[in-house]
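To start, the structure under review is shown below, and the notes come after it.
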Amino acid sequence: MPETFTNATQVLRDFKGVKKVSVEEYFTSGHRTCQGCESALVMRLMIKAAGPRTIVLGATGCMYVANTTYYTTPWVVPWMHTQLGSSGSAALGTAAGLKALMKKGRMKAEPINVIAFCGDGGGADMGLGAISATLTHKEYNCLILLYDNESYANTDIQASGSTPYGANTTFSPPGSVKRIMHNRWKKNTAGMLAAGHPECRYVATVDASYAVDMMNKVRKALSIGGPTFIHSFDPCPKGWDFDPMLSHELGELAVETGIFPLYEVEDGVVRHYGKTKAIAEGRPRKPVREYLLKQGRFAHFTEEDLDYFQAKVDEMWEKWEIPGVIPFWKEKRPVVSMP
Ligand SMILES: Cc1ncc(C[n+]2csc(CCOP(=O)(O)OP(=O)(O)O)c2C)c(N)n1
Ligand code: SF4
Ligand SMILES: [Mg+2]
């Protein structure tokens, strides 16, 4: 084995403020995402944070289809498509392949980032098992980034396990007889993966409305080594039915209302950060209606529906053992009935 191989990761230090962010772009023009698509911004920031010595793997979904249309691509770094449910396997296989080639001296031994992204359908639902398996293989360095636009968007906005309660999707259109067709509460993917994989060194949630924070979480995940996971919250103008100019504002409101908490779990230690930290320390949350009523997918909500949604978010902050992160209760849990 060549002595030069160490399995080291790149050391990517925090960008200290927006003026220190790299001006190089590795996800450029040539894609066909919708106007105001936050997931496209996530791709751009993710690779800006990771830098040029990175391989990106992308599961089927909007960020595959709209980004690789017939001989065009905005990716400047090496990029490969992988099957809808296999971001975990693709990340692990690529990291293992690189490691084997470097160990055998078949390629230069140097730290190369491996990032596999997936949507909520591909990651929180279909590919969850493969992601889970990958997070147990601590000898391989790879990051899985789940971009959550809260539906199977690419195939026309079907409900996923990540779709919020009550949302209008093509699988759950509200009707005059039954108003709420999607009555499942959103899956807690990041909390589940953090709690269930004690040897995974880093799990974080991010939101591109807080872009520098988001990039620094990507840099930390890649530097820390082993398999890591990031869950990104991505407003989707088409699927959520809002004016594209509101993407950034909705990203902020999701955090300010407490609906999407920003936190990281590093070597088992939980840290809330940004506005979420202030909320965890007692700052009042904005009412969820300020977020929900800006989106057409909740236009059918009555006061009763808004109250139910608010009560469920209040529980996250007032009743959970680790507020906003893990849904284990401090006391015996009463049942909140749906409208
Ligand atoms: C195994 C498999 N089943 C179904 C499809 C069809 N399909 C392509 S993209 C997609 C939606 C994926 O949703 P998500 O992962 O959330 O990504 P998004 O489209 O929202 O970006 C589906 C169902 C597929 N490509 N492969
Ligand atoms: S449907 Fe949503 S996620 Fe897909 S390209 Fe359009 S805005 Fe982006
Ligand atoms: Mg999706």
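The values are calculated or read from the model by the stated rules, or taken from the named source; none is laboratory data. All figures in this text were calculated on a predicted structure; none of them were measured in a lab. Because the Cβ atoms are built from the backbone with ideal geometry, glycine has one as well, and the counts that use them run over all protein chains shown. In case anyone asks, the SASA skips ligands and DNA or RNA and just uses the protein heavy atoms, side chains included. Shrake-Rupley method; radii C 1.70, N 1.55, O 1.52, S 1.80 Å.
Here are the numbers for this structure:
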| read-out | value |
| --- | --- |
| Residue among 51, 121 that is surrounded by fewer than 19 Cβ atoms within 10 Å (Cβ to Cβ), modelled with pLDDT of 95 or more and within 21 Å of residue 231 (Cα to Cα) | 51 |
| Subset of the stretch 174-208 (residues that are in a loop (DSSP other than H, G, I, E, B) and within 13 Å of the chain's Cα centre (by Cα)) | 187, 188, 208 |
| Residue in the stretch 49-62 that is outside any loop (DSSP other than H, G, I, E, B), closer than 26 Å to residue 246 by Cα and within 16 Å of ligand 3 (Cβ to nearest atom) present | yes |
| Verdict on residue 169 being touching a residue at least 60 places away in the same chain (Cβ under 8 Å), within 16 Å of ligand 3 (Cβ to nearest atom) and open to solvent by less than 30 Å² (accessible area, probe 1.4 Å) | yes |
| Selection count where residues are open to solvent by 30 Å² or more (accessible area, probe 1.4 Å), within 16 Å of ligand 1 (Cβ to nearest atom) and not charged (D, E, K, R), scope the stretch 13-32 | 1 |
| Verdict on residue 227 being open to solvent by 10 Å² or more (accessible area, probe 1.4 Å) and in contact with a helix residue (DSSP H, G or I) (Cβ under 6 Å, 6 or more places away or on another chain) | no |
| Some residue of the stretch 144-166 being part of a loop (DSSP other than H, G, I, E, B), over 21 Å from residue 235 (Cβ atoms) and over 17 Å from the mean Cα position of the chain (by Cα) | no |
| Of the criteria (1) crowded, with 21+ Cβ neighbours inside 10 Å; (2) more than 19 Å from residue 134 (Cβ to Cβ); (3) over 17 Å from the mean Cα position of the chain (by Cα), which one residue 62 fails | (3) |
| Any hit, the stretch 301-319, residues being of a type in the set (Ser, Thr, Tyr) and open to solvent by less than 10 Å² (accessible area, probe 1.4 Å) | no |
| Tally of residues being on the phi < 0 side of the Ramachandran plot and either aromatic (Phe, Trp, Tyr) or touching a residue at least 40 places away in the same chain (Cβ under 8 Å) (or both) across the stretch 2-20 | 13 |
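Per-residue answers, yes or no, for (1) over 30 Å from residue 295 (Cα atoms); (2) without any contact (Cβ under 8 Å) to a residue 40 or more places away in the chain:
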site: 22; (1), (2): yes, yes
site: 37; (1), (2): no, no
site: 52; (1), (2): yes, yes
site: 86; (1), (2): yes, no
site: 111; (1), (2): yes, no
